[in-house]
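This report concerns only the one structure given below.
The values are calculated or read from the model by the stated rules, or taken from the named source; none is laboratory data. All values reported here derive from a predicted model rather than from experimental measurement. Note that each Cβ is placed from the backbone with ideal geometry, even for glycine, and that neighbours are counted across all protein chains shown.
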Amino acid sequence: MSRSIRGATVRWPLSPTVLVGLSAILLLTVGAMVLLPPHVLPGPAADFDASAKDLENARSALRGTILQSSGAVLLLLGAVATWRGLHLSRNQQQNDQFVRAIELLTKTREENGHEVPLIAAHIGAMHTLEAIMHADARYQPAIVAVLCAYIRQHSAASTDDDNLERRTPMARQLGNRRPAVWWALDSLMRRVPRASDPAIDLSGSDLRYARLDMSCLPSAHLEGADLRGCYLAGPLTEVTADEHTRWPKNFDPVAAGL
């Protein structure tokens, strides 16, 4: 519950629902303490064999029991409310981290009059997204879609036939990809595939010299992707490709069932 005071937002410590609940418990406790003891422990006129002092002591003990029981209920409700608050706070923190990571993926810097991606910020965003994905499976479908879109956007397949074999092993692995693209691809490999994951759409991507474990990329879309020099492991039966897909040397897509 919050209220705006001169432009500032003030949050009340208790929500209306909690206040109503506490008020109800308080009223029930007071009512029970006032009405229940005389009903359970009637006076001598109702043939209750006890002195007035003993009767009052018994009623006081009953009121104490009622008060202790109400306190136990309040403690239990307080524990439940605390757990719920921590759960909501954790969810809010993860949601804020997800939003900030997406914002970091748009960070750019100027280079030779052009806007280019800010690589350090993008890698940091990838690390955050991967951590969120492993911490809470509910975010995995959205994060998988974001990673695939990032790879497609920042690693478009090249139309030239440059000889990557003359490059160093690391340069061959990166190809025309930026380091953040490599990180995004690696994050897809490290995740645990789930039925709720969207299709792994890497169509039109430059994936040359990457190590692809296809068991982590079920039903991958590789239409127009450049896979020259790739190390392919795992089943390829559910992969979708077309005549524009460029395969590794000596790889026969027909023999692989594609």
- [ ] Starting from residues that are assigned to a helix (DSSP H, G or I), under 15 Å from PRO218 (Cα atoms) and small (Gly, Ala, Ser), keep the ones in region 143-196 and report whichever is modelled with the highest pLDDT.
- [x] ALA145
Task: Per-region count, region 199-258, residues of a type in the set (Gly, Ala, Ser) and within 31 Å of the chain's Cα centre (by Cα) - done: 11
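Condition check ((1) at pLDDT 70 or above; (2) surrounded by 11 or more Cβ atoms within 10 Å (Cβ to Cβ)) across all residues:
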position	(1), (2)
ARG3	no, no
THR9	no, no
VAL40	no, no
GLY43	no, yes
ALA52	yes, no
GLU56	yes, yes
LEU67	yes, yes
ASN95	yes, yes
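Would it be correct to say that CYS216 is modelled with pLDDT under 90 and in contact with a helix residue (DSSP H, G or I) (Cβ under 6 Å, 6 or more places away or on another chain)?
Spelling it out, CYS216 is indeed modelled with pLDDT under 90 and in contact with a helix residue (DSSP H, G or I) (Cβ under 6 Å, 6 or more places away or on another chain).
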Task: Selected residue (criterion: farthest from ARG90 (Cα to Cα)) from residues of region 107-142 that are part of a helix (DSSP H, G or I) and polar (S, T, N, Q) - done: GLN140
